[in-house]
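Presented below is the structure to which this report refers.
The values are calculated or read from the model by the stated rules, or taken from the named source; none is laboratory data. Because the structure is predicted, anything quoted here is derived from the model rather than measured. So basically every Cβ, Gly included, is an ideal-geometry build from the backbone, and we count neighbours across all protein chains shown.
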Amino acid sequence: MYKGRTSSRSPVIRIRIRKALAAPVCRHYVIIPPVFRSPYKQKNMQRYYKTASIIHRYFIALCILCIAGITGCKDFVQVDPPITGITKGSAYDDDKSALAVLTGIYSKVISRGGIASGERSIGYYMAQYADELQNWSPQNTSQPFYVNALQNTGLVSAIWNSLYQQTYVCNAAIEGITAAGALSADVKNQTLGEARLMRAFLYLQLVNLFGDVPMPLSTDYNANNTLTRSPQAKVYEQIVQDLQTAQQLLSDDYKNGNGKTTTDKGRPNKQAAAALLARVYLYLKDWQHAAEQADAVLGDSHYALAADPVDAFPPNSQEAIWQMAPISEGAGISLGDPQVYLLTPGAPPDVFRPVSLSTRLLNAFETGDKRFAAWVGVDDVAATGTVPTHTYYYPKKYKLPTGPGEYCMIIRLAEVLLIRAEARAQLNNLTGAKADLDAIRTRAGLGGTTAATKEALLDAILHERQVELFTEWGHRWFDLKRAGKADAIMSVVTPEKGGVWSSNWLLWPIPQSEILLNDHLSQNPGYPN
C-alpha cells in the first residue's frame, strides 16, 4: 500500500512489508531513495545517497530476516500504489489500472498548483509576462513575472518541477505499457498513445519557456541525473515523433477512464494529436505540414466553430478538440482560472485576485466584437475617499468560481483555423488564408478582413490570435516570440509595467537549484549562475 507522499523536493516511496497469511498483519516501512529528482542530484548530497543506500540495504535485509523468523508467516514485499500510481509491478496488470495511470497525469496537470490551474498556471504567468494582464498588487507572488524580473530563478521552480515530474510519469507509463502483456490491444494502444501525446505536450511547454532543456526519455536515474540541455531542434524532433506515434495509436473516438467510447473530451483522441502537431509545425515554420495537419482536423465533421463565442468553452462543445476535466478540491473549487481571474463585483483587484485585462488588450478588440461581451467581464468600482470610480475588465472565458461544470480547454477548433490561415498565408495561398481568418471574424460578428497582401494578412492573423486566444496557454507570448516581435513590443510594455526589458528575457531562467543538482546544466544568458 502506498503510505508516503511524493514531494517536488524529495519523492519517496514507502513500501509495506506484510504477512499475507497471518493475523495480525506484520508491517514495516522502508524508505527507498529518490529515483527521479527533476531529474538531477545535488553534488553535496552524493555522500548522503551512498550512505543511505547502504543503510537501506541492511535495513531491508534485517526486516526480511525478522519476518522470516516468525512462525507461520509467509513473506513477500508488496507495493500497493494508489489508483493513479506508476509502480511497474502492478500498474499495468490490467486495463483499468493502466488507464488510471494516465488519469493521474491529467489530474496533476489540472489540479491546484498544476500547470493548467489558476495562480500557478502557464496561462496566468505568461499573460502577465506578455501584455495581456495588468497586475495591481506588487505583493502578489506573480509580480516578478509581470515586470519581467525573474532574477530570483527559484520563482520558476514550481513550473519546472511540475513539468518534469509529469514527464517522468509519462516515461514510466511508456515503459510499463510497452512491456505489459496483460493489456487488451485497444487499451494498450490508447494508453500508449495518450502517454506519448502527453509527453510531447509537456516538452512543448518546456522548450518554449526555457529553450534548450534536458530531455529524459526513460526512468533510468543514473542516465537522467547527468543529462545536459538538449538543443531545441532535438527536443522538437522528439515532440514530432511522439505526436506522430500518438496519431497512429489513438482512436478517432474519445475514450473514458474505463476505455469505453464516450462523448466526453477529457482524454485526447487522434484529432487532438493532429491539432497539437499542427501547432508544433507552426512553431517550426513548417508551413506545409502545419496546413496538412490542420486539414485533417478541419475536415472532420465532428468539429465546428460554436455559433456564438459564449458557447465555445462549455464541456464537450463542438469546438473543443481536447479538454481536461477538473479535479474537485476543497471548498468546491474545480477550475483554478476563475479563482484568479473573476473579480468580485464592486471590489477592485486585491492580493488574491490581483489582475485585470490590460489596456493594450482591451484596445485590440474592434467595435462590435461578440467575443468582448462573451469573454470579458466588467467590474465597476465606486469611488472611495480620494480614489475615483474605476472600471476593471477581466477574463471570463470560464465563468464558475466553484463547483463542477466547466472543463479546461487545451486546444479548440478556432486555434486550428488560425494555424491553417497562417500556414496558407506563408505558402502564398492568400485566398485560403482569408477564408479561414474570416470564418473566425464572422463568428465574432465582424466583417471580413481588409488585408490584401501577404504581410498585411499575417499581421491580421496575429491580431486575431491576440483577441481570440487571450489568457489561453501563453499563446500571446509564444506568438510574439516566434513572429520576431517580442523585443519591439516588450521594450515598450515592460517599462510601462515598471520593469526593464532585455532580449535575455525571451527565455526563462533555469532554476538555480537544478544547476546545483547537476553540473552539466548551464544557465540562460542574463541570469545569475
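Take the range 210-231 and flag every residue that is outside any strand (DSSP E or B) and touching a strand residue (DSSP E or B) at 6+ places or on another chain (Cβ under 8 Å).
Start the filter on the range 210-231 by keeping residues that are outside any strand (DSSP E or B), which leaves 210-212, 214-229, 231.
Asp212, Pro214, Met215, Arg229, listed by residue number.
Can you name every residue in the range 235-250 that is within 17 Å of Tyr283 (Cβ to Cβ) and either outside the structural domain of Ala294 (by TED's automatic domain parsing) or surrounded by 19 or more Cβ atoms within 10 Å (Cβ to Cβ) (or both)?
From the range 235-250, those within 17 Å of Tyr283 (Cβ to Cβ) are 235-244; that's our starting set.
Within the range 235-250, Val235, Tyr236, Ile239, Asp242, Leu243 meet the criteria.
For Glu175, are the conditions met, namely being under 22 Å from Leu277 (Cβ atoms) and not hydrophobic (A, V, I, L, M, F, W, C)? Even if it seems obvious, please write down each step before you answer.
Details: under 22 Å from Leu277 (Cβ atoms): no; not hydrophobic (A, V, I, L, M, F, W, C): yes.
When the stated conditions are applied, Glu175 does not pass them.
Matching residues to (1) surrounded by 24 or more Cβ atoms within 10 Å (Cβ to Cβ); (2) assigned by TED's automatic domain parsing to the domain that holds Asn189; (3) at pLDDT below 95; (4) under 17 Å from Thr191 (Cβ atoms):
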{"position": "Pro268", "(1), (2), (3), (4)": "yes, yes, no, yes"}
{"position": "Ala273", "(1), (2), (3), (4)": "yes, yes, no, yes"}
{"position": "Leu277", "(1), (2), (3), (4)": "yes, yes, no, no"}
{"position": "Tyr283", "(1), (2), (3), (4)": "no, yes, no, no"}
{"position": "Asp286", "(1), (2), (3), (4)": "no, yes, no, no"}
{"position": "Asp295", "(1), (2), (3), (4)": "no, yes, no, no"}
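Which of the following residues is over 16 Å from Pro314 (Cα atoms) and not charged (D, E, K, R): Tyr398, Tyr392, Tyr407? Steps first, please.
Numbers: Tyr398 fails: over 16 Å from Pro314 (Cα atoms); Tyr407 fails: over 16 Å from Pro314 (Cα atoms).
Exactly one residue qualifies, and that residue is Tyr392.
How many residues does the range 447-485 contain that are of a type outside the set (Gly, Ala, Ser), part of a loop (DSSP other than H, G, I, E, B) and surrounded by fewer than 18 Cβ atoms within 10 Å (Cβ to Cβ)? Let's see the steps before the verdict.
Within the range 447-485, the subset of a type outside the set (Gly, Ala, Ser) is 449-450, 453-455, 457-459, 461-473, 475-482, 485.
Applying the additional criterion that residues be part of a loop (DSSP other than H, G, I, E, B) yields 449-450, 453, 469-473, 485.
So of that shortlist, the ones also surrounded by fewer than 18 Cβ atoms within 10 Å (Cβ to Cβ) come out as 450, 453, 485.
Of the residues in the range 447-485, 3 are of a type outside the set (Gly, Ala, Ser), part of a loop (DSSP other than H, G, I, E, B) and surrounded by fewer than 18 Cβ atoms within 10 Å (Cβ to Cβ).
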request  = Among residues belonging to the range 302-324 that are within 14 Å of Asn269 (Cα to Cα) and either surrounded by 18 or more Cβ atoms within 10 Å (Cβ to Cβ) or of a type in the set (Ser, Thr, Tyr) (or both), point out the one that is modelled with the lowest pLDDT.
outcome  = Met324
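Filter the range 119-129 for residues that are of a type outside the set (Lys, Arg) and either under 19 Å from Tyr527 (Cβ atoms) or under 12 Å from the mean Cα position of the chain (by Cα) (or both) and give the result. Before the answer, list the steps.
The first filter runs over the range 119-129 and keeps only residues of a type outside the set (Lys, Arg), leaving 119, 121-129.
Across the range 119-129, the qualifying residues are Ser121, Ile122, Gly123, Tyr124, Tyr125, Met126, Gln128, Tyr129.
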message = One residue is enough: does the range 200-219 have a residue meeting the conditions crowded, with 21+ Cβ neighbours inside 10 Å and among the charged types (D, E, K, R)?
response = no
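Across the range 486-509, what is the total count of residues that are closer than 18 Å to Pro528 by Cα and not in a helix (DSSP H, G or I)? Show your work before the answer.
So the first thing to find is which residues in the range 486-509 are closer than 18 Å to Pro528 by Cα, and the list is 499-509.
Now narrow it down to the ones that are not in a helix (DSSP H, G or I): 499-502, 507-509.
Selection size over the range 486-509: 7.
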note = Per the list (1) touching a Ser or Thr at 6+ places or on another chain (Cβ under 7 Å); (2) surrounded by fewer than 17 Cβ atoms within 10 Å (Cβ to Cβ); (3) not assigned by TED's automatic domain parsing to the domain that holds Val207, residue check on Gln523 breaks on (1)
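Can you spot a residue in the range 511-526 that is assigned to a loop (DSSP other than H, G, I, E, B) and farther than 21 Å from Pro231 by Cβ?
Pass one, the range 511-526, residues assigned to a loop (DSSP other than H, G, I, E, B): 511, 518-526.
With the extra rule that they be farther than 21 Å from Pro231 by Cβ, the set shrinks to none.
For the range 511-526, residues assigned to a loop (DSSP other than H, G, I, E, B) and farther than 21 Å from Pro231 by Cβ: absent.
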note = All-but-one check, Arg420 against (1) buried (at least 22 other Cβ atoms within 10 Å of the Cβ); (2) of a type outside the set (Phe, Trp, Tyr); (3) touching a Phe, Trp or Tyr at 6+ places or on another chain (Cβ under 8 Å); (4) under 25 Å from Leu204 (Cβ atoms), failing number (3)
task = Write out, first by first residue and then by second, each pair whose Cβ atoms fall under 7 Å of each other, whose residues are 6+ apart or on separate chains, and whose first residue, in the range 297-318, is closer than 18 Å to Thr262 by Cα while the second is of a type in the set (Lys, Arg).
result = Asn316/Lys265
request  = Working only within the range 455-479, note down all residues that are of a type outside the set (A, V, I, L, M), in contact with a helix residue (DSSP H, G or I) (Cβ under 9 Å, 6 or more places away or on another chain) and under 20 Å from Thr367 (Cα atoms).
outcome  = His463, Glu464, Arg465, Gln466, Glu468, Phe470
query = When Asp252 is evaluated against the numbered criteria (1) in contact with a Cys (Cβ under 8 Å, 6 or more places away or on another chain); (2) modelled with pLDDT of 95 or more, which criterion, by number, is the only one it fails?
reply = (1)
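Would you call Gln232 over 20 Å from Leu462 (Cα atoms), under 20 Å from the mean Cα position of the chain (by Cα) and of a type in the set (S, T, N, Q)? First the steps, then the outcome.
Details: over 20 Å from Leu462 (Cα atoms): yes; under 20 Å from the mean Cα position of the chain (by Cα): yes; of a type in the set (S, T, N, Q): yes.
When the stated conditions are applied, Gln232 passes them.
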task = With a cut-off of at least 1 residues that are of a type in the set (Ser, Thr, Tyr), name the helices (runs of 4 or more DSSP H) lying wholly within the range 264-344.
result = 270-283, 337-341
inquiry  = Quick test of your reading of the structure: Asn148 fulfils all but one of (1) within 20 Å of Gln523 (Cβ to Cβ); (2) touching a Pro at 6+ places or on another chain (Cβ under 7 Å). Name the failing condition by number.
reply    = (2)
task = Output yes when any residue across the range 178-186 is among the small types (Gly, Ala, Ser), without any contact (Cβ under 8 Å) to a residue 40 or more places away in the chain, in contact with an Asp or Glu (Cβ under 7 Å, 6 or more places away or on another chain) and over 26 Å from Asp295 (Cα atoms), and no when none is.
result = no
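Do you know which residues across the range 251-263 are within 22 Å of the chain's Cα centre (by Cα) and either assigned to a helix (DSSP H, G or I) or surrounded by fewer than 16 Cβ atoms within 10 Å (Cβ to Cβ) (or both)? Steps first, please.
Going residue by residue through the range 251-263, those that are within 22 Å of the chain's Cα centre (by Cα) are 254-257.
Hit for the range 251-263 is Asn256, nothing else.
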